[in-house]
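Below is one structure; the comments refer to it alone.
The values are calculated or read from the model by the stated rules, or taken from the named source; none is laboratory data. The structure displayed is predicted, hence computed values, not measured ones. Heads up, the Cβs are rebuilt from the backbone with ideal geometry, glycines too, and the neighbour counts pull from every protein chain shown. Quick note on the areas: whole protein, heavy atoms, side chains included, nothing else; ligands and nucleic acids left out. Shrake-Rupley method; radii C 1.70, N 1.55, O 1.52, S 1.80 Å.
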2 protein chains.
Amino acid sequence: MKIAVMGYGTVGSGVVEVIESHQNTISKGTNGQTMEVAKILDLRDFPGDPHETLFTKDFNDILNDDEIKVVAETMGGVNPAFDFTMKLLKSGKSVVSSNKELVAQKGPELLRAAEESGANYLFEASVGGGIPIIRPMSQCLIANNIEGVAGILNGTTNFILTKMIEDGMTFADALKLAQDNGFAEKDPTADVEGFDACRKVCILASLAFGKHVYPNQVATEGITNITLEDVSYIASAKGVIKLLGQIKYINENKIAAFVSPAVVFNGSQLASVNGVNNAILVRGDAVGDVCFYGPGAGKLPTASAVVADMVDCVKHINRKKFFGWGEGAEDYVADYKECLQMPFYVRAKASENKIKAAFGEVKFLSRIGQPSDEKAFITDIMTQNELEKKLEGFEVINIIKVTNY
Amino acid sequence: MKIAVMGYGTVGSGVVEVIESHQNTISKGTNGQTMEVAKILDLRDFPGDPHETLFTKDFNDILNDDEIKVVAETMGGVNPAFDFTMKLLKSGKSVVSSNKELVAQKGPELLRAAEESGANYLFEASVGGGIPIIRPMSQCLIANNIEGVAGILNGTTNFILTKMIEDGMTFADALKLAQDNGFAEKDPTADVEGFDACRKVCILASLAFGKHVYPNQVATEGITNITLEDVSYIASAKGVIKLLGQIKYINENKIAAFVSPAVVFNGSQLASVNGVNNAILVRGDAVGDVCFYGPGAGKLPTASAVVADMVDCVKHINRKKFFGWGEGAEDYVADYKECLQMPFYVRAKASENKIKAAFGEVKFLSRIGQPSDEKAFITDIMTQNELEKKLEGFEVINIIKVTNY
């Protein structure tokens, strides 16, 4: 079967490479059909590339080619990927995407268009790179009411935090190392401020609970406020700081969804996820906790997830894969500060007595070089609004949520 | 749709419970169809059970009921489960199984019968309990050449090893605790000797490489020789002992597959899998290492995997799910002692000089209370046959394989 690839960057060129080098395994998945890359859309020139004859700069060359039934969209960004994807789906071609930004922003519209034309729109690679998560969640865990999801969804920030925790590097040094290694962009905002993780939370939440969540509904906090002092205090409590995307079921019409640094205690499967790896923990009422771990990004891992979706499209060429995922609502995502109870790590300039007067008995933490007027402690469970009320009049240095995953 | 359950033990009763309590999520997966438990086969009586009217002791009541299209086989054991499953598949009914012994012993015959009648035979619950692994491996990782699989596949032995490692309990005490907690049978042989893990290795190997592996082809070693002394030595090297099932690709006509204790170094996702949990790590040439973690047994986790397969059968009622898995061959599984190279942990009564003369420079380990004539060390990579030749004339206390997962 002929396929096309839109966007010949890291992931797109990986898709072409994986297809060409894995015809054997692919044909096992497609009942013997091969996959042939017939067109590659990119505005750039790639002189000397062995696929030179396949390149086009005109999207219509793909749209109007009746032999191309499945297209990989690995362009990234909302525009023009949205317009192209929409036209392809409406014409009955299936589209496979690694573009988390597009799925998070426009998922419901694209899924509806696919629904109407009978094409498939799949996006396993948009969350967790090569880690199988969308299919396991939507199929293998179908006999569960999902209670919550917590994920380490961004490799760049996990690399930075790992370097801070294991090697005592400062945030700035760890970021620079990530940039030098190609794990972070020159402008690292989307990663370190949590925006990338936020998009993946949107996709996971939509999938877990069947209603779309938009990025602007997800309270998002990055890791730029995390210091080595916080890392030390939390190590003394046998925990680590991770940037987590968290989703909690509240009721049929309400969930909580947020991205923030979080204290994860050792013993959790999330605590041992290091470097650029990702992991997604799903808590179901029947299964308990299951966790999916692996490379969250990278050329071939992500490409292998894109190609697996393409195989599925080839196999289901005249059939619809069902995704139960509709429009959300403005009040669908609750204010987690008001409705979720959890313990908090607090670092403040305050006396033990003042802290005990406000919080009762708490667990105090320690670090080497701790100034006598600085205290760090972990509170009982409460909402963040309650916490902030109790902390009125305190000189707070940092607050980090404590997760129960 | 009407379904039946054969075997009303822990898993079977869990299946009935999950179906009844999850109609909402189930109907999402089946495009709106409900699932109704119409018959339960068990030779025992369950007086007072709310499903009393559904029980039958006659298998033909299920076989001859044309309305029943999907059957869960949660009986365990090869007989009579094999006979029943065969008859159901031949009659065109789909069967879903949690019975690893049956799948490991009779998988190819049953898959062929399903193939011929157009029914489905699915068994997600037979490996890793509630952990999604079969579908992710066969679908999500299709664009990979799988290089190897390593799994903690037995919760009982992992519980025992965790207690030895974390609490310094002896094997005997940890086994007793497991029995008291219901994690181990009165006769623990199948668990502690690795037979249960062996069956799961057969299923994973068959799935990963498309040819069936039988239990008698898998060299299997349990954990009864592991002592607290070994645990201490390996802790000094920042590692832990786990009972691993390992599968390695050698070439198109040959794999290695074995079950044994193995040294796993901290930092591996397998090292932090504690208690009765399981984890399966899959190494693909494109994706790298991905790992699936969760409860490897238990009533509701396993039941939730069975029901997910039943949902898939309902959805695919007139369609075949494709599994690329044929008969193996007698010489398909290589002698790993001859063809696989790895480092080994060796504990022996010997001098450093004698060890250096045989092995060159090695990494010596230490433990509190180490006798002066006892040494423990980790070798360079070599085959086990090479190792055993080098150790001729040594008074060896224990040898444990070191894994590279």
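Under a Gaussian network description of chain A, with springs only between Cα atoms under 10 Å, the residue in A:Ala190, A:Ala376, A:Ala256 that fluctuates furthest is A:Ala190.
Computed from the Kirkwood radius of its Cα pairs, the Stokes-Einstein diffusion coefficient for the stretch B:242-289 at 20 °C and 1.002 mPa s stands at 173 µm²/s.
May I ask for the distance between the Cα centers of the stretch B:269-333 and the stretch A:43-66, given as a whole number of Å? The stretch B:269-333 and the stretch A:43-66 have Cα centres separated by 39 Å. Between the beta carbons of A:Ser372 and B:Lys238, assuming R0 = 22 Å, the FRET efficiency works out to 0.05 to the nearest 0.05. Taking the axis that rotates chain B onto chain A, the chain B residue nearest to it by Cβ, with the distance rounded to whole Å, is B:Ser272, 2. Probing with 1.4 Å while keeping every protein chain in the model, the per residue accessible area of the protein assembly as shown equals 38 Å².
Each label point was placed 7 Å from the Cα along the Cα-to-Cβ direction; for B:Asp331 and B:Gln33 their separation is 4.6 nm.
On average, how much area does the Cα convex hull of chain B cover when viewed from any direction, in nm²?
Values: hull surface 82.3 nm².
Average of the hull's projected areas for chain B equals 20.6 nm².
Determine, from the Cβ-Cβ distance of B:Asp180 and B:Leu228 and an R0 of 25 Å, the FRET efficiency 1/(1 + (r/R0)^6), rounded to the nearest 0.05. Kindly include the intermediate steps, with their values, before the conclusion.
Numbers: r = 20 Å, r/R0 = 0.79.
Efficiency, from the Cβ-Cβ distance: 0.80.
Please compute the Kirkwood hydrodynamic radius of the protein assembly as shown from all pairs of different C-alpha atoms, in Å with one decimal. Before the final figure, lay out the partial values.
Numbers: mean 1/r = 0.0357 Å⁻¹.
The answer is 28.0 Å.
Label A:Asn216 and B:Lys349 with points 7 Å out from Cα along Cα→Cβ: what is the distance between them in nm? My value for the distance between the label points is 7.8 nm. The slack between B:Asp187 and B:Asp167, meaning 0.36 nm per residue of separation minus the straight C-alpha distance, is 4.8 nm. Enumerate by residue number the trypsin sites (Lys or Arg not before Pro) in the stretch B:148-241 meeting two conditions: DSSP loop (anything except H, G, I, E, B), and at most 16 other Cβ atoms within 10 Å of the site's Cβ. The qualifying sites are B:Lys186, B:Lys238. A full extension of the chain between B:Glu338 and B:Phe46 corresponds to an added length of 99.8 nm, given 0.36 nm per residue minus the alpha carbon distance. Pair-distance distribution P(r) for the stretch A:268-335, from all Cα-Cα distances in 10 Å bins starting at 0: 14, 24, 39, 21, 1 percent.
Starting from the stretch B:1-82, pick out the trypsin sites (Lys or Arg not before Pro) whose DSSP state is loop and whose Cβ has at most 16 other Cβ atoms within 10 Å.
On the way: sites: B:Lys2, B:Lys28, B:Lys39, B:Arg44, B:Lys57, B:Lys69; in loops: B:Arg44, B:Lys57.
Hits after loop and neighbour filter: B:Arg44, B:Lys57.
Between chain A and chain B, the total buried accessible area stands at approximately 3800 Å², from heavy atoms with a 1.4 Å probe. Counting, for every residue in B:290-299, the Cβ atoms of other protein chains within 10 Å of its Cβ and taking the mean gives 6. Here the label points at B:Glu17 and B:Asp58, each 7 Å from Cα along the C-beta direction, are separated by 3.1 nm in the simple model. Within the shell defined by Cβ-Cβ distances under 14 Å, the residues around B:Gln384 carry a net charge of -2, with Lys and Arg each +1 and Asp and Glu each -1. Contact order, relative form, for the stretch B:153-266: 27 percent (alpha carbon pairs under 8 Å, 6 or more residues apart, mean separation divided by residue count).
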